[in-house]
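Asks: Here it is, the structure in full.
The values are calculated or read from the model by the stated rules, or taken from the named source; none is laboratory data. What you see is a predicted model; the values in this text were computed from it and never measured. Positions of Cβ are backbone-derived with ideal geometry, glycine not excepted, and every protein chain shown enters the neighbour counts. The area values use the complete protein model at the heavy-atom level, side chains included, leaving out ligands, DNA and RNA. Shrake-Rupley method; radii C 1.70, N 1.55, O 1.52, S 1.80 Å.
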Amino acid sequence: MTEIAADFRTRLRAREPLLGVWMKTPSPIVAEVLGQAPLDCVCIDAEHAPFDRLAIDGCVAAFRAASKPSLVRVPAAREEHILGALDCGASGVVIPHVTSAEEAAKIAKASHYGAGGRGFAGSTRAAGYGAVGLGAHLKASRAGTSVVAQIE
């Protein structure tokens, strides 16, 4: 999945036209169906739909099984929401209500490992439940994590 996320990030940064949908129903079954659709990505809407961490986790797992990039629009620009979505294995996050360049920079930092950013947990889906080494996971995360600031 890391190669799929990295490819999606490359295409996003190249400003290629991409086709995706918002997912508003917190169901891994719906995610499984959308995973088979000819879409470039799916965005799980945890801001305006009733997604909790468990629902996000199940849907991201279904998208990863289908090799489909998934983004999570988190409910707020809080580090625990960003960390949770990325630890579940999402390809990236969409952050709502961004109002300044300074806020966007802080969000980008919180979305990546390192000083002032995300803490590392090697037992998550994103880290292969411990099967992926620290160096490989950090490299894959840098190459494959998409962070989208929703300017409002």
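The rows are residues; the columns are (1) polar (S, T, N, Q); (2) closer than 22 Å to Leu12 by Cα; (3) in contact (Cβ under 8 Å) with a residue 40 or more places away in the chain; (4) crowded, with 21+ Cβ neighbours inside 10 Å.
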| residue | (1), (2), (3), (4) |
| --- | --- |
| Phe63 | no, yes, no, yes |
| Ser67 | yes, yes, yes, no |
| Ala90 | no, yes, yes, yes |
| Thr99 | yes, yes, yes, no |
| Lys106 | no, yes, no, no |
| Gly135 | no, no, no, no |
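Asks: State all residues of the range 4-30 that are within 16 Å of the chain's Cα centre (by Cα), among the basic types (Lys, Arg) and over 17 Å from Ile56 (Cα atoms); if no residue qualifies, say none.
Replies: Correct list: Arg9, Arg11, Arg13.
Asks: Being at positive phi and of a type outside the set (Phe, Trp, Tyr), is that true of even one residue in the range 17-38?
Replies: First, the residues of the range 17-38 that are at positive phi: none.
No, the range 17-38 has no match at all.
Asks: Shifting gears a bit: Mind listing whichever residues of the range 43-62 are more than 17 Å from Tyr129 (Cα to Cα) and among the small types (Gly, Ala, Ser)?
Replies: Hits for the range 43-62 are Ala46, Ala49, Ala55.
Asks: Has the range 92-113 got at least one residue that is part of a helix (DSSP H, G or I), under 17 Å from Thr2 (Cβ atoms), among the hydroxyl-bearing types (Ser, Thr, Tyr) and modelled with pLDDT under 90? If you could, list the steps in order and put the result at the bottom.
Replies: So in the range 92-113, the residues part of a helix (DSSP H, G or I) come out as 101-110.
Filter once more, keeping what is under 17 Å from Thr2 (Cβ atoms): none.
So far as the range 92-113 goes, no, none of its residues is part of a helix (DSSP H, G or I), under 17 Å from Thr2 (Cβ atoms), among the hydroxyl-bearing types (Ser, Thr, Tyr) and modelled with pLDDT under 90.
Asks: Can you report the number of residues in the range 1-55 which are open to solvent by 30 Å² or more (accessible area, probe 1.4 Å) and part of a helix (DSSP H, G or I)?
Replies: Within the range 1-55, residues that are open to solvent by 30 Å² or more (accessible area, probe 1.4 Å) and part of a helix (DSSP H, G or I) number 17.
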